[in-house]
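Participant: The structure under discussion is supplied below as structure tokens; questions concerning it will follow.
Where a number appears in this text, it was derived from the coordinates with a stated rule and is not lab data. Please read all numbers here as calculations on a predicted model, not as lab measurements. Glycine gets a Cβ as well: all are built from the backbone with ideal geometry, and neighbour counts include every protein chain shown.
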């Protein structure tokens, strides 16, 4: 969290249909579970799947009144590395801030790609093969839930227990116990990755 | 936190649906359109899970949705629906029937731009298009207000026998997850009370006619009655909102004064007052806090009740300002924007001549940033558009 701010701000870059909105909403529910104040909202372009989307998340110990999009994030999450070609994902990210990205690329490869595209991000990059983890544990590509584990590990702003509890509350009935457990296992695996 | 209140994280649309569930609707005719989606989707979920006994009528257009609402409400049912944009425009013809029949129909509007060009995002063009249709119109800033004003609004509509639109910003509010506290269902139901329809069609012991012809000798009087009922809604709103404060701890005046009187001393009174509504009011409050910190005397008048428009009270609130800045999220093509027109009328009627600036922002979902609001306060934006 920036020194001058009392709100932790996140931007999720994804493509329509990849479930970034769900990711942000689970985090919002988990934040509420911890009695924090939250705000999560999408900035859809045209509503079609595959188009680049941005989703915003704010978490604070105080009431959040602003409704402007997040312009100066503390953390950026990228759910699809092909977005590096078209989106300025590291915009306004400072050197003490973080970028989490779902990719098979190594950290230096992501950084090179950002530099190629004119980005000058000096902060820490956390690549994670969330799609791969999801396929091997859940059997389906669900990087949007897996990445929750990495979010908790990197940000430290939400507790893992809250994520798991809220995930279970929202999805156990919908997914069935077995499938829900697998999702949670994948989230935990992402939390444990270096 | 009040022990009775439960803190949740919900979209504005889901907050509206939650309030409607607690109010206990009899009938909800629906036709889908973005971005009111979150409202009827959530309510349909309640219906599917057996949490409500409401009869949801799936119709083939918004014109039919409003027509079905008029039928249900005249039959004596507590009725609500929801819409946006072209959907509201398509209802236009029948909106006047609902208000002319004096039916307390609740309509949640997730306000959105009008085509053409096609745009699914938020602005206030749709609700401004029916500001003369005889409906009460009540604007909300966030999900908490949507929840609270749906409850207040239902009671108000039934009290003054007029239909009501409770308005949230499309996407900005309808699709934004925010924290809110909800009341216990029992408390809400006691507050709103049983719906007792006046002269319902299904009261066959006392047959009545709805929609009769009224010609030169009586039509005029019907219209005057409607105007009187609407004027009366201002006072009734105040009473109901006061009672609501008792059960919720949340205060909703006809409009909100934010840091206009910043302390007991008149020296701290705002010299520049920004008038606006909806989700942008929250953003503007943060800017006002920042500017107040560096000693600038600024404040906000946030519009809540827009129909009836509280001219006298607004003029009273603005009378000490040196400069008034009015932000509209709609145009009135060919004349001044809606809020600006109302504010100038209020001040003229009160014989207050002021320096008033008019800006239009946020059309078709264009974002508005704190930086732009700061620039407006600093008089750095020319041409009347905050683009």
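Participant: What is the diffusion coefficient of the stretch A:50-194 in µm²/s, taking the Kirkwood radius over Cα pairs and the Stokes-Einstein relation at 20 °C with a viscosity of 1.002 mPa s? Before the final figure, lay out each step's value.
Facilitator: Working: Rh = 16.2 Å.
After rounding, the answer is 132 µm²/s.
Participant: May I ask for the angle, rounded to the nearest 10°, between helix B:12-23 and the longest principal axis of chain B, with both axes built from Cα atoms and the value confined to 0 to 90°?
Facilitator: Result, in degrees: 40.
Participant: Averaging the inverse of every distinct alpha carbon separation and then flipping it gives the Kirkwood radius. What is it for the protein assembly as shown, in angstrom units? Write out the running numbers ahead of the final one.
Facilitator: Working: mean 1/r = 0.0397 Å⁻¹.
For the protein assembly as shown, inverting the mean 1/r across all distinct Cα pairs yields 25.2 Å.
Participant: Taking 0.36 nm per residue of separation and subtracting the Cα-Cα distance, what length does fully extending residue B:313 through residue B:159 add?
Facilitator: Numbers: separation 154, 0.36 × 154 = 55.44 nm, distance 2.19 nm.
Stretched out fully, the residue B:313 to residue B:159 stretch lengthens by 53.3 nm.
Participant: Efficiency by 1/(1 + (r/R0)^6): what FRET value for residue B:296 and residue B:55, r their Cβ-Cβ distance, R0 = 51 Å, to the nearest 0.05?
Facilitator: E between residue B:296 and residue B:55, to the nearest 0.05, is 0.40.
Participant: Continuing with this model, one more query. Compare the peptides B:79-85, B:232-238 by average per-residue count of other Cβ atoms within 10 angstrom and give them in order, highest first.
Facilitator: Working: B:79-85: 30.0, B:232-238: 18.4.
Most protected by this proxy first, the peptides run B:79-85, B:232-238.
Participant: Per-residue ellipticity at 222 nm for chain B, helices alone: DSSP H runs ≥ 4 residues times -39500 (n - 2.57), over residue total, nearest 500 deg cm²/dmol?
Facilitator: The helix contribution divided over chain B gives -13000 deg cm²/dmol.
Participant: Where both residues lie in the stretch A:7-192, what percent of DSSP beta bridges are antiparallel, nearest 5?
Facilitator: Here the antiparallel bridges make up roughly 55 percent for the stretch A:7-192.
Participant: What whole-number volume per residue, in cubic angstrom, does the convex hull of the C-alpha atoms of the stretch B:255-386 give?
Facilitator: Given the Cα convex hull of the stretch B:255-386, per-residue volume reads 108 Å³.
Participant: Further, regarding this structure: With every atom except the alpha carbons ignored, what do you get for Rg and Dmax of the stretch A:1-109, in angstroms?
Facilitator: Reported Rg and Dmax, both Å: 13.9, 39.
Participant: Bin width 10 Å, origin at 0, all Cα-Cα pairs of the stretch B:252-326: what percent of pairs per bin?
Facilitator: Histogram of Cα-Cα distances, whole percents per bin: 20, 55, 23, 2.
Participant: Antiparallel DSSP bridges in chain B: what percent, to the nearest 5?
Facilitator: Roughly 25 percent of the beta bridges in chain B run antiparallel, per DSSP.
Participant: Between residue A:161 and residue B:357, with labels modelled 7 Å along Cα→Cβ, what's the label distance in nm to one decimal, could you check?
Facilitator: 5.2
Participant: Follow-up question, since we're still on this one. Report the FRET efficiency, 1/(1 + (r/R0)^6), for residue B:385 and residue B:204, where r is their Cβ-Cβ distance and R0 is 41 Å, rounded to 0.05.
Facilitator: 0.10
Participant: Run the numbers on the stretch A:53-194 and let me know its relative contact order in percent, using alpha-carbon pairs under 8 Å that are six or more apart.
Facilitator: 19
Participant: Once fully extended, how much extra length lies between residue B:46 and residue B:371, figured as 0.36 nm per residue of separation less the alpha-carbon to alpha-carbon distance?
Facilitator: Contour length minus Cα-Cα distance gives 112.9 nm.
Participant: Taking every DSSP beta bridge with both residues inside the protein assembly as shown, roughly what % is antiparallel (nearest 5)? Write out the running numbers ahead of the final one.
Facilitator: Numbers: 31 of 80 bridges.
Approximately 40 percent, going by the DSSP bridge assignments.
Participant: Separate question: Average partner chain C-beta neighbours within 10 Å, per residue of B:114-125?
Facilitator: That average works out to 1.
Participant: One-quarter of the Cα convex hull surface for chain B, in nm²?
Facilitator: One quarter of the hull surface, i.e. the mean projection, equals 20.3 nm².
Participant: Identify the residues of the stretch A:88-111 with backbone N under 20 Å of a label point that sits 7 angstrom from the Cα of residue A:122 along the Cα-to-Cβ direction, or state none.
Facilitator: Flagged as within label range: A:89-100, A:107-111.
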